[in-house]
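*Asks:* Handing you this structure, nothing more for now.
The values are calculated or read from the model by the stated rules, or taken from the named source; none is laboratory data. Only a predicted model underlies this, so the values are computations on that prediction, with no experimental measurement involved. Neighbour counts run over all protein chains shown; Cβ positions are idealised from the backbone, glycine included. Calculation scope for accessible area: heavy atoms of the full protein, side chains included, ligands and nucleic acids excluded. Shrake-Rupley method; radii C 1.70, N 1.55, O 1.52, S 1.80 Å.
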Amino acid sequence: MPGMPDQPALTLYGFWRSMAAYRVRVALALKGLAAEEIALDLDAGDQFAPDFLALNPEGAVPALVGPGRPPLTQSMAILEYLEERYPDPPLLPADLYGRARVRSLAALIVSDTHPLIVPRVREYLAETAGFDEAALNAWRAHWVGRGLTAMEARLAGSPETGVFCHGDAVTFADICLGNLGVAAHTVGFDLGQVPTVARIIATCREIDAFAKAHPMRQRGAPPAAA
Ligand SMILES: N[C@@H](CCC(=O)N[C@@H](CS)C(=O)NCC(=O)O)C(=O)O
């Protein structure tokens with residue numbers, strides 16, 4: 001497995017469509033780290049298999065397993081771990097305010113947008129709250145659109161925004177924005193409405209680490225769903 005010469009063997013439990021696994025995949029690649037990926041099928045309920053629940057009792061991906069320690073879960077905790085353990089290249093700014101701004105932008109997506117569209121929420125809406133397919137699609141489009149619009153307002157209105165979300169280097173915020181861009185495509189959101197967001201997503205897509213992490217390039221992705 002290619003990667004840093006003396007890096008420990010890493011195993012990433014993911015799912016081709018998972019936004020949270022995408023974040024870890026991009027961060028690993030940007031840090032030059034290799035991980036073997038075990039592909040779960042969340043649509044088939046693999047996240048509730050006893051073997052996987054032993055790794056993450058929450059029943060969610062990603063989980064990152066390394067030698068000699070329990071699994072790490074929660075994508076942003078994993079990113080923070082990678083950042084401290086492998087600081088080069090940095091994915092957070094050097095200054096305190098910059099780090100807080102980047103984490104704030106990331107949280108808008110990771111904490112306030114993504115949780116509303118995960119499978120367990122969609123399943124609850126369908127099975128308990130009576131949502132049909134159209135209502136589910138409207139729900140997902142609403143929250144993805146709201147997240148993208150809020151990101152546009154944050155980014156377009158800030159002097160700290162540069163080539164990327166914060167200045168001219170990739171940070172956690174771009175990793176999170178990249179996967180919201182994938183969700184935008186899924187719900188048919190026109191990125192023309194959010195030009196700053198669209199520009200940054202397009203710039204990120206030119207970077208190998210982002211391109212290779214794209215859901216449609218993962219094992220398990222349906223060939224026709226591009
Ligand atoms: N906040 C968590 C989110 C984890 C999460 O919900 N992952 C989704 C896939 S993107 C999942 O495994 N969902 C399983 C389910 O909802 O049943 C993180 O960032 O790691």
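*Asks:* Yes or no: the range 69-78 includes at least one residue that is away from the ligand (no atom under 16 Å from the Cβ), of a type in the set (D, E, K, R) and open to solvent by 20 Å² or more (accessible area, probe 1.4 Å).
*Replies:* Taking every residue of the range 69-78 in turn, at least one turns out to be away from the ligand (no atom under 16 Å from the Cβ), of a type in the set (D, E, K, R) and open to solvent by 20 Å² or more (accessible area, probe 1.4 Å).
*Asks:* Follow-up. Under 8 Å between Cβ atoms, at least 6 apart or on separate chains: pull out the pairs that start in the range 49-75 with a residue that is farther than 14 Å from residue 39 by Cβ and end on any residue that is part of a loop (DSSP other than H, G, I, E, B) and near the ligand (Cβ under 7 Å from one of its atoms).
*Replies:* Cβ pairs passing all conditions: 53/59; 60/118; 73/60; 73/62; 75/62.
*Asks:* Quick one: residue 166 ticks every box in (1) surrounded by fewer than 18 Cβ atoms within 10 Å (Cβ to Cβ); (2) more than 15 Å from residue 194 (Cβ to Cβ) bar one, so which box is it?
*Replies:* (1)
*Asks:* From the list 125, 116, exactly one residue is within 16 Å of the ligand (Cβ to nearest atom), more than 18 Å from the chain's Cα centre (by Cα) and within 30 Å of residue 150 (Cα to Cα). Which is it?
*Replies:* Result: 125 is the single residue among 125, 116 that is within 16 Å of the ligand (Cβ to nearest atom), more than 18 Å from the chain's Cα centre (by Cα) and within 30 Å of residue 150 (Cα to Cα).
*Asks:* Do you know which of the residues in the range 44-68 that are on the phi > 0 side of the Ramachandran plot and open to solvent by less than 50 Å² (accessible area, probe 1.4 Å) is nearest to the ligand (Cβ to nearest atom)? Before you say what the answer is, go through the steps one by one.
*Replies:* As a first pass, look at the range 44-68 and keep what is on the phi > 0 side of the Ramachandran plot: 45, 59, 68.
Among the residues that remain, those that are also open to solvent by less than 50 Å² (accessible area, probe 1.4 Å) are: 45, 59.
Numbers: 45: 8, 59: 6 Å.
Selected residue: 59.
*Asks:* Can you confirm whether residue 110 is surrounded by 20 or more Cβ atoms within 10 Å (Cβ to Cβ) and either within 14 Å of the ligand (Cβ to nearest atom) or closer than 22 Å to residue 175 by Cα (or both)?
*Replies:* Taking the combined requirement at face value, the residue satisfies it.
*Asks:* If you take the residues in the range 13-43 that are among the aromatic types (Phe, Trp, Tyr) and surrounded by 24 or more Cβ atoms within 10 Å (Cβ to Cβ), which one is nearest to residue 90 (Cα to Cα)? Lay out the reasoning, then the answer.
*Replies:* Of all residues in the range 13-43, those among the aromatic types (Phe, Trp, Tyr) come to 13, 15-16, 22.
From what's left, surrounded by 24 or more Cβ atoms within 10 Å (Cβ to Cβ): 13, 15, 22.
Details: 13: 24, 15: 26, 22: 18 Å.
Residue satisfying both the conditions and the ranking: 22.
*Asks:* How many residues are over 20 Å from residue 216 (Cα atoms), charged (D, E, K, R) and not in a loop (DSSP other than H, G, I, E, B) when one looks only at the range 33-91?
*Replies:* 5
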